[in-house]
Amino acid sequence: MRPALSTCAVALLLAACSSGDDKAARRRAAGPAPSPAALLRVASASAGEKVFGQCYACHSIDRYAADRSGPNLFGVIGAEVAQRRPRFPYTSALQSFGGRWTPARMDAWLTNPKRLVPGTAMGFAGLADPLDRADLIAYLQTQR
Ligand code: HEC
C-alpha cells in the first residue's frame, strides 16, 4: 500500500497522476445534484488514496505511524472527535466540537474545516469537489 501511495503522491505533485480514473462516469452515475451519501455510493477508495496526498504532509495514516503536525488518522471514521490520539495537542475548539466523525461530518469538515470548527488549527482550505471528498472518505473508511 505504502509504495503505491508514495509513487502516486509524487505523481500528483506533478499533476500527472492519470490512473485512468472513471471519475466522469462515476459522477454521472451519482445523478444530478447528488447528496454526499449518493456520492459515497459511487466513491472509489483508490481514488481517495490519491486525494490523501493532500493530507499526507500533516497526517500519517499507517496504524503505528507517529503524529505529524496533525494527528495520525488511522481509524478516524466513526471515532470520537479529538480523542483518538491522546498525546496530540488538539485545540480546545476541536475538543469542544465533540461527537464522532460520521461520514457526513467528515464531508463538512473536508469542505471547509474552519467553517465547521472556528478556531481549529487545521490549516487546510478544504476540498471543493464533492466527489474528491467522497473518495477520500471511502479511503479513510478502509484504514481501520
Ligand atoms: C497543514 C496541515 C494539515 C493538512 C494539510 C491537513 N490537516 Fe487535518 N489536521 C491538522 C491539524 C493541525 C489538526 C488538529 C486540529 C485541531 O486540533 O484543531 C487536524 C485534524 C484533523 C482531523 C481530526 C482528527 C481527530 O482525531 O479528531 C481530521 C479528521 C483531519 N485533520 C483530516 C484531514 C484530511 C483528510 C486532510 C486532507 C484533505 C487534512 N486533514 C489535511 C493539520 C492538517
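The values are calculated or read from the model by the stated rules, or taken from the named source; none is laboratory data. Since we're looking at a predicted model, the values are computed, not measured. Note that we place each Cβ from the backbone using ideal geometry, even for glycine, and neighbour counts take in every protein chain shown. Remember, those area values only see protein heavy atoms, side chains included, never the ligands or the DNA or RNA. Shrake-Rupley method; radii C 1.70, N 1.55, O 1.52, S 1.80 Å.
Select from the stretch 23-34 the residues that are loosely packed, with under 14 Cβ neighbours inside 10 Å and either part of a loop (DSSP other than H, G, I, E, B) or within 11 Å of the ligand (Cβ to nearest atom) (or both) and list them in ascending order.
G31, P32, A33
Which residues, taken from the stretch 93-104, are in contact (Cβ under 8 Å) with a residue 12 or more places away in the chain and open to solvent by 40 Å² or more (accessible area, probe 1.4 Å)?
Q95, F97, G99, R100, T102, P103, A104
Quick check on the stretch 86-100: of everything there that is within 6 Å of the ligand (Cβ to nearest atom) and within 18 Å of the chain's Cα centre (by Cα), which residue is farthest from A125 (Cα to Cα)? Spell out the reasoning first.
Going residue by residue through the stretch 86-100, those that are within 6 Å of the ligand (Cβ to nearest atom) are 90-91, 93-94.
Right, trim to within 18 Å of the chain's Cα centre (by Cα) and you get 90, 94.
Working: Y90: 18, L94: 16 Å.
The selected residue is Y90.
If you check A108 against the conditions, is it surrounded by 15 or more Cβ atoms within 10 Å (Cβ to Cβ), touching a residue at least 24 places away in the same chain (Cβ under 8 Å) and closer than 30 Å to D21 by Cα?
For A108, the condition - surrounded by 15 or more Cβ atoms within 10 Å (Cβ to Cβ), touching a residue at least 24 places away in the same chain (Cβ under 8 Å) and closer than 30 Å to D21 by Cα - is not met.
Restrict the check to the stretch 47-65 and report whether at least one residue is small (G, A, S), open to solvent by 40 Å² or more (accessible area, probe 1.4 Å) and more than 7 Å from the ligand (Cβ to nearest atom).
Checked the stretch 47-65: no residue is small (G, A, S), open to solvent by 40 Å² or more (accessible area, probe 1.4 Å) and more than 7 Å from the ligand (Cβ to nearest atom).
Run down M106, M122 and say which single residue is near the ligand (Cβ under 7 Å from one of its atoms) and touching a Gly at 6+ places or on another chain (Cβ under 7 Å).
The conditions single out M122.
Could you grab me the full set of residues in the stretch 66-85 that are at positive phi and within 6 Å of the ligand (Cβ to nearest atom)? I'd like the intermediate steps shown before the answer.
Residues of the stretch 66-85 at positive phi: 75, 78, 82.
Listed by number, the list holds a single entry, A82.
Taking into account only those residues within the stretch 112-144 that are open to solvent by less than 40 Å² (accessible area, probe 1.4 Å) and β-branched (V, I, T), which is nearest to the chain's Cα centre (by Cα)?
Selected residue: I137.
If the Cβ limit is 9 Å and pairs must be 6+ apart or interchain, which residue in the stretch 75-87 that is free of Cβ contacts under 8 Å to residues at least 40 places away in the same chain pairs with which residue that is part of a loop (DSSP other than H, G, I, E, B) and of a type in the set (V, I, T)?
Matching pairs, first to second residue: V81/V117; A82/T91; R84/V76.
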